[in-house]
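Computed from the coordinates by the stated procedures, all read-outs in this text should not be read as laboratory data. Predicted model only: the values in this text are computed from it and were never measured. Neighbour counts are summed over all protein chains in view; Cβ atoms, including those assigned to glycine, are modelled from backbone coordinates with ideal geometry.
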Amino acid sequence: MRRLLFITLFFMLNTSIRAQIVVEALTGNKQAHYINYIDKDLDSSAKWNFFNLNRFTVNYKERALNTVSMEGQLTYQFKPWLGISAGAGFYGELFVPTIGLSLSYMNKKEDFFIQMYPTIVFVEGQVAPSVLGLIGYSPQFSKSWGFSSQAIFSVDPNEASEIIRIGANYKNLVQLGLGIDMLQSFQTKNINLNFGPFVRFNF
């Protein structure tokens, strides 16, 4: 396990291989939401890939409602659109290993993509299905400006989370606009909404 971790970190530090780093912040009506994710090829043939999504929320009134979520997937691609993945999620004090598939699609213009990780999670002695996904559409209107829309979603047996962002895209480096966070609990049937302006930076 230590050797695998060392190899992964070594490849992540190799700047000659493609990597996308995204940093985003939303100032919502109930809480501030910070998101960053990394999508990095670990070899020149793009067979091995590492994806990491981190989310932090800060509630304005109740600190007990602050949340932290970290999810990582190491994938091996059989085809550009199909691979196997293994990873884990960390949610506060809960560590959840996962194993499953990596599904992806990007059109020829590279302005529309879908990336999904349907997995099996192992939590507290139980096995359950789960899915994590990203969908983005960002057509360009000129050399500098375009439209930006993105959705990040995750579903497990307990809850469903959707993060939706719509706005303007400047040179594929900065996106800004309005966003909404939705969290639905399947047990209580409650839906928590948080919305406000956001800004995103692509590196």
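List of remarks:
- Of the chymotrypsin sites (Phe, Trp or Tyr not before Pro) found in region 30-92, the ones in coil according to DSSP and having at most 16 other Cβ atoms within 10 Å of their Cβ are Tyr60, Trp81.
- Relative contact order (percent, whole number), region 2-202, Cα cutoff 8 Å, 6+ residue spacing: 14
- Given 16 as the ceiling on other Cβ atoms within 10 Å, longest exposed-site-free region of the chain for trypsin sites (Lys or Arg not before Pro) in DSSP loops: 62-107
- Given Lys40/Lys143; Lys47/Lys143; Lys30/Lys171; Lys79/Lys171; Lys79/Lys108, the pairs whose alpha carbons are separated by over 24 Å: Lys40/Lys143; Lys47/Lys143; Lys30/Lys171; Lys79/Lys171
- Each Lys or Arg adds one and each Asp or Glu takes one away; over the other residues whose Cβ falls under 11 Å from the Cβ of Phe195, this sums to +1.
- With the simple spin-label model, which puts each label point 7 Å out from Cα in the Cβ direction, the Ala19 to Tyr76 separation comes to 2.3 nm.
- FRET efficiency for Phe153 and Ser44, using Cβ-Cβ distance with R0 set to 22 Å, rounded to 0.05: 0.10
- Within the chain: Cβ-based charge dipole about Cα centre, in debye rounded to nearest 20 (Lys, Arg +1; Asp, Glu -1): 480
- Listed candidates (1) 38, 21, 14; (2) 25, 25, 16; (3) 47, 17, 14 - label of the one calculated as semi-axes √(5λ) of the Cα gyration tensor in Å: (2)
- Within region 18-75, GluC sites (Glu not before Pro) in DSSP loop having at most 10 other beta-carbon neighbours inside 10 Å: Glu62
- DSSP-assigned coil residues among GluC sites (Glu not before Pro) in region 97-199, each with at most 10 further Cβ atoms within 10 Å: Glu110, Glu124
- For region 2-202, the residue among Trp145, Ser185, Met116 whose Cα projects farthest onto the positive side of the dipole built from Cβ charges is Trp145.
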